[in-house]
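To start, the structure itself, in structure tokens.
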Amino acid sequence: MTTYVGSRVARVDSVDKVTGHAVYGVDVALPGMLHGAVVRSPHPHARVVSIDISAAEKAPGVKAIVTGKDFPQLFGSAIKDQPFLAIDRVRYVGDPVAAVAATSEREAQYARDLIKVVYEELPAVTDMRLALADDAPLVHPDMHTYQRGGHDIVPHTNVNTLYRYERGDVETAFAEADFVFEGEYSAHALSHVALEVHVAVAEYDEYSGDYTLWVSTDRPFFLRDDLAGGLGVDGSKVRLKVAQVGGSFGAKGVPIAEAIAAVLARKTNGRPVKVELTREECLIASQLRVPAIMKLKTGVTKDGLMIGRSADVLWDSGAYTAYTVGVAIRGSQTIVGPYRIPNLKILSRQVYTNKGITGSYRGYGTTQVTWACESQMDEIAHELGIDPVELRLQNGYEEGDSYLNGQIMHGVGLKETVEVARDEIGWGSIDRQPAPHLRRGKGIATMIKPTMTPSSSNVVINLGGDASVQVICAAPEIGSGQDTVLAQMAADAVGVPIEDVSVPATDTALTPYNGPVASSRTTYHMGSAIVSAGAEIKEKVLALAGDFFGVDSEYLEMRDGEILDEDGERLIGLKDLLAKFHGEGFSLTAGGRYSSAGSPLLKADPGEEWISSIFWMFCTQAAEIEVDTETGAIRVVKVAASADVGKAINPMTCEQQIEGGVVMGVSNGILEDFKIDNGRIENASLADYKVATIQDSPEIVPILVESIHNEAPYGAKGIGEPAAAATPPAIGNALFDAVGIRIPDLPITPEKVLDALAAKEAEDL
Amino acid sequence: MTIRIDTTINGDRMEIDVDPTLTLLEVLRENLFLSGTKEGCGVGECGTCVVLVDGEPVTSCLVLAGDGDGANLETVEGLAQNGELNEVQQAFVNTGAFQCGFCTPAMVLSATALLRDNPQPDEEEVKKALGGILCRCGAYPKILEAVIEVTGEGA
């Protein structure tokens with residue numbers, strides 16, 4: 001029985017956020033603080049010939065200038081390929097070259113503009129297909145010498161990731177299939193556009209050699225280790241204090257402002273340095289979604305049974321790999337979709353290009369491959385004359401099916417998500433032509449998302465003598481409502497009122513190790529750790545109560561701050577019990593740990609159980625859209641969005657994630673469009689890179705499907721990442737339903753719609 | 001060089017000496033430590049820096065501090081009185097009309113201004129009034145629900 005889990009508890013960060021009291025990374029200000037500014041490359045690829053800082057050094061207010069030679073170490077998660085500041089060459093427009101710290105932001109910017117960098121331009125490769133060519137310029141000629149993890153690369157080329165997966169015999173399957181569908185689809189670069197820019201304040205203690213940074217991040221320990229790598233020190237010498245995070249969506253996990261602030265702080269005699277990127281810098285020089293070109297071939301029987309699929313996926317990491325290697329591996333697996341297909345062959349390659357860094361973006365590869373997979377599903381359904389809903393139900397995963405690695409899946413609510421979305425959108429009926437120039441259509445798309453495995457979460461729960469409970473963990477609140485959900489689980493696990501529970505801010509020197517707040521993993525992983533630690537606290541309190549009342553504690557229970565006997569009658573309040581025993585000065589702590597074992601690689605030996613993902617998430621979206629045949633503009637009228645969340649710890653925060661995911665999906669799918677010329681982003685502003693406003697937001701009906709996962713805390717899985725992935729293909733499929741055209745290359749812009757309508761008209765004549 | 005501006009901020013009349021080249025946003029955040037007003041772009045494209053100038057929503061990154069002279073300014077810090085949230089803030093809490101919270105001050109202020117002028121806006125009027133403020137978390141459906149809740153028209 002739970003008091004808080006499953007309830008629409010108001011978010012614990014409510015009052016701080018509606019009153020403006022919440023302190024974000026951009027709000028951090030320290031005494032004596034300096035401000036930084038960054039010199040960035042104007043070229044996609046060039047050798048740095050010389051850097052003249054003599055004029056800048058004499059500029060008013062300047063306290064420090066750093067260049068790449070001050071910090072020559074390379075950092076990176078899968079491949080150590082990136083310096084904090086360019087050492088001898090720049091690899092994209094925006095690559096940081098030097099930085100200045102001065103007493104004000106304006107002085108820093110003035111001095112920054114006095115730094116003279118001489119470049120020798122090099123041939124650049126800015127197209128991922130051309131990066132594969134034998135004579136392509138190499139973005140990293142020394143790639144083979146870099147430290148890296150266990151994944152494959154192709155030395156002396158631009159291919160920084162090579163991954164293959166095969167099972168069964170796909171060629172025989174294609175030969176036996178009644179129909180073979182082939183298509184090529186692409187997903188474009190996107191910016192996260194977290195409204196809080198990338199920012200950090202860094203301080204260096206020259207006596208201890210310790211760096212302390214106030215940051216806005218979703219993955220404190222990963223970021224700490226990347227920073228330590230680039231600084232050339234142990235992780236323990238870098239301490240991160242995490243403020244409120246003004247949005248991340250995967251962006252705030254690699255050193256961007258943090259690296260610049262840290263290297264400047266090293267040279268300012270102990271004065272802290274704040275580095276706050278401009279919006280333009282965020283758009284060109286933070287991270288982007290990894291663009292992908294996906295060739296997909298699927299064999300089906302005339303009855304709609306999918307029997308074979310091959311995929312050739314090309315990913316564009318940009319100038320450095322950051323977190324893209326995992327995207328290229330995990331993402332390519334997910335192109336199979338949530339379908340039972342016995343014969344599979346996947347080739348995934350990722351190339352360096354002379355463009356901005358790409359990386360993790362809400363969905364970690366899923367948004368790209370879901371576009372390809374679900375577009376082709378719709379083509380198959382229409383060609384075979386099978387209802388698109390039925391085709392998905394026929395081939396979709398069910399409870400107990402095995403995943404690509406043979407692992408048996410539990411908590412599979414896929415089909416229910418399809419059915420409820422179908423019912424909510426009113427599948428099968430539509431007002432086709434509400435006005436002479438308007439056409440309406442409906443489309444559906446579904447998806448599967450694994451979670452990061454292996455990964456670990458640790459927590460310390462403290463019960464104070466005043467009966468307050470602190471949930472001490474390194475899980476920053478990035479907007480998802482996670483503090484609330486963790487507090488709900490802790491309140492029920494310990495048995496105290498949620499008002500008495502707090503989740504203090506992350507500080508890597510105080511909060512135990514946690515994997516990233518990413519991959520929709522926190523509720524499950526940290527929740528499991530909290531349930532374990534909370535149970536121990538409760539057990540110890542009940543032992544005290546048992547001693548006090550002279551009863552065996554196993555007949556006692558604690559709920560919502562009350563000690564209850566075996567009949568559920570109140571014996572005493574927790575506060576009174578603690579006062580009788582200890583009063584002030586009392587503190588009881590318990591640690592909890594959850595760690596999933598396994599590997600994202602699908603290489604189980606026969607007979608061995610190999611965990612590829614500790615759980616899977618499923619989301620389905622059905623969209624109704626309206627196409628203006630005169631302008632090509634699409635208006636998304638309604639989206640029915642269902643998600644299998646396991647147990648909804650807080651239905652309201654689950655709805656927030658689904659609604660926000662759909663808004664982001666609409667924006668990604670039909671609005672956001674970078675204009676890139678020879679590696680240079682030409683529309684690096686929010687006026688020209690269009691992000692959805694409330695006026696673009698459709699009617700959204702979020703529907704929660706709860707297929708309880710038995711090993712999960714209260715049955716809960718995750719929700720944040722998958723919610724945006726199914727929207728673009730649902731819109732694309734609705735476009736076909738409305739006017740009979742398909743746009744294989746995202747985004748679906750009015751220009752492409754008009755061109756396709758004209759082409760169709762010419763063809764129909 | 002500084003100029004003196006005579007202004008009222010959240011009901012407090014004050015005279016402040018400021019660098020005339022600073023924006024109103026910079027003065028609020030850096031001189032007066034009213035950091036509830038956020039900066040998302042600095043060039044008038046995201047709407048997160050909205051404050052009310054004589055009751056009207058204004059992107060404070062686009063006006064100079066001197067424009068605050070003689071004006072009545074309201075920032076998010078001034079909305080709650082005596083520990084009580086205003087009705088828009090309370091509706092945002094009730095419906096969960098925020099996620100990361102970075103756009104929330106601008107949304108709450110703009111919705112408050114709208115409802116003072118037009119206590120019964122329909123959905124299209126609410127969308128128009130809030131259409132200049134980006135929320136990347138996509139809290140729009142619940143923001144709309146919150147504002148409509150204040151009008152008493154909600155379900």
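The values are calculated or read from the model by the stated rules, or taken from the named source; none is laboratory data. For clarity, every value in this text was computed on a predicted model and none was experimentally measured. All Cβ positions, even for glycine, are placed from backbone atoms using ideal geometry, and neighbour counts span all protein chains on display.
Annotations for the structure displayed:
- Qualifying residue in segment A:168-178 (condition: out of contact with any Leu (no Cβ under 8 Å at 6 or more places or on another chain) and buried (at least 22 other Cβ atoms within 10 Å of the Cβ)): yes
- Count - residues of segment A:594-643 that are acidic (Asp, Glu), more than 25 Å from residue A:445 (Cβ to Cβ) and at pLDDT 95 or above: 1
- In the set (1) assigned to a loop (DSSP other than H, G, I, E, B); (2) surrounded by fewer than 20 Cβ atoms within 10 Å (Cβ to Cβ); (3) within 14 Å of chain B (Cβ to nearest Cβ); (4) among the aliphatic types (A, V, I, L, M), residue A:1 fails one condition alone, (3).
- Scanning segment A:502-517 for residues that are more than 12 Å from residue A:457 (Cα to Cα) and either crowded, with 23+ Cβ neighbours inside 10 Å or among the basic types (Lys, Arg) (or both) gives A:503, A:506, A:508.
- Residue within segment A:316-324 that is crowded, with 24+ Cβ neighbours inside 10 Å and in a helix (DSSP H, G or I) present: yes
- Just one residue in the set B:138, B:96, B:83 is small (Gly, Ala, Ser) and surrounded by fewer than 24 Cβ atoms within 10 Å (Cβ to Cβ); that residue is B:83.
- Meets criteria (within 14 Å of chain B (Cβ to nearest Cβ) and either outside any strand (DSSP E or B) or more than 29 Å from the chain's Cα centre (by Cα) (or both)) for residue A:17: yes
- Scanning segment A:533-555 for residues that are among the aliphatic types (A, V, I, L, M), in contact with a Ser or Thr (Cβ under 6 Å, 6 or more places away or on another chain) and more than 14 Å from chain B (Cβ to nearest Cβ) turns up at least one hit.
- Verdict on residue B:81 being within 29 Å of residue A:276 (Cα to Cα) and either facing chain A (nearest Cβ under 7 Å) or polar (S, T, N, Q) (or both): no
- Looking across segment B:87-108, just one residue is in a loop (DSSP other than H, G, I, E, B) and more than 8 Å from chain A (Cβ to nearest Cβ), and that is B:97.
- Among the residues of segment A:445-494, the ones that are within 14 Å of chain B (Cβ to nearest Cβ) and part of a strand (DSSP E or B) come to 0 in all.
- Extreme residue, farthest from the other protein chains (Cβ to nearest Cβ), among residues of segment A:670-710 that are in a helix (DSSP H, G or I) and of a type outside the set (S, T, N, Q): A:670
- Of all residues making up segment A:38-77, the number that are of a type in the set (Phe, Trp, Tyr) and either closer than 19 Å to residue A:143 by Cβ or more than 32 Å from the chain's Cα centre (by Cα) (or both): 1
- Whichever residue in segment A:480-501 is out of contact with any strand residue (DSSP E or B) (no Cβ under 9 Å at 6 or more places or on another chain) and more than 24 Å from residue A:613 (Cβ to Cβ) and, among such residues, is surrounded by the most Cβ atoms within 10 Å (Cβ to Cβ): A:484
- Filtered residues of segment A:701-725 (kept if modelled with pLDDT of 95 or more and charged (D, E, K, R)): A:706, A:717
- Qualifying positions in segment A:203-219 - of a type in the set (A, V, I, L, M) and out of contact with any Gly (no Cβ under 9 Å at 6 or more places or on another chain): A:213
- Of the candidates B:86, B:72, B:10, the single residue that is closer than 18 Å to residue B:143 by Cβ and in contact (Cβ under 8 Å) with a residue 12 or more places away in the chain is B:86.
- Selection within segment A:27-47 - in a strand (DSSP E or B), closer than 22 Å to residue A:280 by Cβ and charged (D, E, K, R): A:40
- Of all positions in segment B:58-68, none carries a residue that is touching a residue at least 24 places away in the same chain (Cβ under 8 Å) and out of contact with any strand residue (DSSP E or B) (no Cβ under 8 Å at 6 or more places or on another chain).
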